[in-house]
Amino acid sequence: MSEPLLRLQDVHTHIGPYHILHGVTCDIPAGQLTMLLGRNGAGKTTTLRTIMGLWRASSGSIRFDGRDITRCSTPSVAQGGIAYVPESMAIFTDLTVRENIVLAARSGPVDSARLDWMLGLFPALKRFWNLPAGNLSGGQKQMLAIARAIAEPRRLLLVDEPTKGLAPVMVRSMIEAFRALKEAGETILLVEQNFYAASALGDNVLVMDDGRIVHSGAMSDLVADQALQQRLLGLSLDAHQ
Amino acid sequence: MTATPAIPASFDEARPRGGLLAGLLSSDMPRSRALSFILIAIVLVLALTPFLFSGSQPLSTAAKICVFIVLVASYDLLLGYSGIVSFAHTMFFGIGGYGIAIGLEKLGADWGSAAIGLVAALCTSAILAIAIGLLSLRVRAIFFSMITLAVASAMAVLASQMSGITGGEDGLSFQLPYALRPAFRPFAEPVFGVMINGRIVAYYLLFFVAMGMFLLMLRIVNSPFGRVLQAIRENEFRAEALGYRVVAYRTAASVISALAATVAGALLALWLRYNGPDTTLSFAIMIDILLMVVIGGMGTMYGAIIGAALFVLAQSYLQVLMEAGSKALAGIPLLPNLIHPDRWLLWLGALFVISVYAFPGGIVGRLRQGKRN
């Protein structure tokens, strides 16, 4: 098995008086799409935010590509090659779509082939290229947030619930986009509540509950085992198709 | 299939280009015909004031507008573009004034002394802005505002106490370099009917420096740096997640804004040939700047021109207008008392409240919205 790109070892996170992560341990292998599943409040978003340094881990270690990033500031983590797409469609609404993309390309102009590829994934963005991003619909904002994360090559994408609140047609577009990203060899850690989307995309799966990883394995194994789905997530794939 | 848009090499190229004027305005055009007309009118009147009006008051009013355009634009860079609420802006304004005043009063009335005073003031402002930024921009906005208020108050007290250097409460009066004195006559004959003297030369020095500073700030807010500031203003965590160091960018914005305010203070001192705590350091000026930014339109830059012109004109002429109105309505009960010149501040306040209600995005925001509609 290849060396993981990201390794969390017994990570604990406190937010104020609340102990949210209770020793998260997991590996994210390079070049694969890992799904992070779990009920609301399980600690999925906190895990992503802790990796990004937005919330500081109170103990444990986070190693990215062999480097300890546990105490790194958020800009350092981002400059190290981790892109983060929060669940709140985190775009800059006062800036144009173009400015949002250029802002994300910190190392210089966006490579034209990359821009072609990116706009191929999200063709709707072309139409609004020079318009304020605040004018976009919810799905288009989510597309822009993901496009911004891949505006320049990143080693790892952390994406938090990209299909949340989107219409079914948008969810299908989003699944196609992530499938294309996966085929392009991107390493992705994707938080998702929609098990249909998760099962369609994931190579691996991590299931969280009460601030811990309670299951780790291949996505195909979870999809095939309805009893396991019931036990971990309280659902079966059949019910969601 | 829609063609892929051209790749933006930078934010400057990410905006449509349109010749010399667009280049001068950093492609940030007024985007409203009415706004363009008002801006052109203000700049033209300011440029031609010595030839359009006689007497010293119109020239002084125009000079004050020029100074406040720089001061308000620099505060807009801080508040409107970076989302930083600072109450120390008049401190930097005062440092600029004292730099020029101390330089010319202590070292002699020549250009070298003025340059030394200005450079010393700029260095002092930069150091203070960096110190305040690095120490306090990490804390919550309200605490940052309180810290700047405390620092500005301390500086005002310091300026009053150090009377040996600053002249204390009396301030400092000083001589200008000869080319800026009223006795200086560059031309033997009148130009377009006006005898050019050192006061007019000083006015044009103010006008051109103010316009240059304004265009420079317009360039800054439309640069990649300016876009990052806007991103930080909208959501600092998102900007950090993209790899931008928020404190560094905010500190840089504070320094740029402080330096521009220092230049504005220096210009005012040059015009008044005097600097004291009340002319540059008072908290009342800070309130005026805030009003001008809000009336003009926050985060627009052009709002600085309109806000400064409107506010300074109201300050200078509202009393005169009210006096005329009061006399005209002499026979009617109540009304003459209501618009008595002594109540000009009340009406200025009412105008401000009305303008905030009518134009929540400021005059520029309103005019641009009108264009979109």
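The values are calculated or read from the model by the stated rules, or taken from the named source; none is laboratory data. The structure displayed is predicted, hence computed values, not measured ones. In this analysis, Cβ positions are derived from the backbone assuming ideal geometry, glycine residues included, and neighbour counts consider all displayed protein chains. Heads up: the accessible areas ignore ligands, DNA and RNA and are worked out on the full protein's heavy atoms, side chains in. Shrake-Rupley method; radii C 1.70, N 1.55, O 1.52, S 1.80 Å.
Projecting label points 7 angstrom from Cα along Cα→Cβ for A:S76 and A:D203 puts them 2.9 nm apart. By the rule of a C-alpha distance below 28 Å, with chain neighbours fewer than 8 residues away ignored, the lysines paired with A:K44 are A:K141, A:K164, A:K182.
Can you give the Rg to Rh ratio for chain A, taking only C-alpha atoms and Rh from Kirkwood?
Ratio value, two decimals: 0.96.
For the stretch B:227-373, the Cα-based Rg and Dmax, in that order, read 19.9, 69 Å.
Backbone amide hydrogens, once placed in the peptide plane, bring A:G38 within less than 5 Å of A:M208, excluding anything fewer than 5 places away on its chain. From the phi angles alone, apply the Karplus equation (6.51, -1.76, 1.60; θ = phi - 60°) to the stretch A:7-19 and give each ³J(HN,Hα) in whole Hz, x where the residue is Gly or Pro. In residue order, the calculated couplings are 10, 9, 10, 6, 7, 10, 9, 10, 10, x, x, 8, 8 Hz. Summary of packing: across the peptides A:223-229, B:71-77, the per-residue average of other C-beta atoms within 10 Å ranks them, highest first, as B:71-77, A:223-229.
Keeping the other protein chains in place, figure out the carbon and sulfur percent of the accessible area of the protein assembly as shown, with a 1.4 Å probe.
On the way: 16330 of 26540 Å².
After summing per-atom areas, the C and S share lands at 62 percent.
Counting each DSSP H run of 4 or more residues in chain B as -39500 (n - 2.57), what helix-only mean residue ellipticity at 222 nm follows after dividing by all residues, to the nearest 500 deg cm²/dmol? Can you show the working numbers first?
On the way: 16 runs with 256 residues, N = 373.
Per the formula, -23000 deg cm²/dmol.
Membrane-span-like helices in chain A, defined here as complete DSSP H runs extending at least 20 Å along the helix axis by their C-alpha atoms with mean Kyte-Doolittle hydropathy no lower than 0.0, are A:168-183; this is a sequence and geometry rule, not a statement about a membrane. In this structure, A:E3 and A:R39 have a Cβ-Cβ separation that, at R0 = 35 Å, corresponds to a calculated FRET efficiency of about 0.65.
The distance linking the stretch B:31-87 with the stretch B:173-218 is 17 Å (Cα centroid to Cα centroid, whole angstrom). Inverting the pair-averaged 1/r between distinct Cα atoms of the stretch A:91-153 gives 11.3 Å as its Kirkwood hydrodynamic radius. The mean number of Cβ atoms from other chains found within 10 Å of a Cβ in peptide A:89-96 is 5, as a whole number. Amide H to amide H distances under 5 Å link B:G299 with B:G80, B:Y81, where only residues 5 or more positions off or on other chains count and H is placed in the peptide plane.
What length, rounded to one decimal in nm, is gained on full extension from B:K327 through to B:H340, with 0.36 nm per residue of separation minus their alpha-carbon distance? Walk me through the intermediate numbers first.
Details: separation 13, 0.36 × 13 = 4.68 nm, distance 0.89 nm.
Gain in length upon complete extension: 3.8 nm.
By the compact-protein rule of thumb, 2.2 N^0.38 Å, the alpha-carbon radius of gyration of chain B corresponds to a ratio of 1.04.
For the stretch A:44-123, the percent of C-alpha pairs falling in each 5 Å distance bin, counted from 0 to the bin holding the largest distance, reads 3, 12, 19, 21, 17, 15, 10, 4, 1.
Taking each residue as 0.36 nm, the span from B:A188 to B:L134 lengthens on full extension beyond its C-alpha to C-alpha distance by 14.0 nm. Here is the size of the stretch B:122-218 from its Cα atoms: Rg then Dmax, 20.2, 60 Å.
For chain A, what is the accessible area per residue in Å² when the probe is 1.4 Å? Spell out each step's value before the answer.
Details: 9540 Å² over 241 residues.
That works out to 40 Å² for each residue.
Using a simple spin-label model with pseudo-atoms 7 Å out from Cα toward Cβ, B:V356 and B:A141 lie 1.5 nm apart. Using a Gaussian network model of chain B with C-alpha springs under 10 Å, which one of B:K106, B:K64, B:K327 is most mobile by mean-square fluctuation? The residue with the greatest mean-square fluctuation here is B:K327. Note on chain B: with a GNM built from Cα contacts shorter than 10 Å, the maximum mean-square fluctuation among B:A330, B:A115, B:A150 falls on B:A330.
Membrane-span-like helices in chain B, defined purely by DSSP H runs whose alpha carbon atoms cover 18 Å or more axially and whose average Kyte-Doolittle hydropathy reaches 0.5, are B:33-52, B:56-76, B:89-107, B:111-136, B:141-161, B:198-221, B:246-272, B:283-296, B:302-328, B:344-358.
Residue by residue along A:112-123, Cβ atoms of other protein chains within 10 Å of the local Cβ number 2 on average.
Tell me, in nm to one decimal, what length is gained between B:M29 and B:M162 on full extension, where the rule is 0.36 nm per residue of separation less the Cα-Cα distance? Don't jump to the answer; show the numbers that get you there.
Details: separation 133, 0.36 × 133 = 47.88 nm, distance 4.59 nm.
Gain on extension, B:M29 to B:M162, equals 43.3 nm.
In angstrom, the C-alpha Rg and Dmax of the protein assembly as shown are 29.8, 102.
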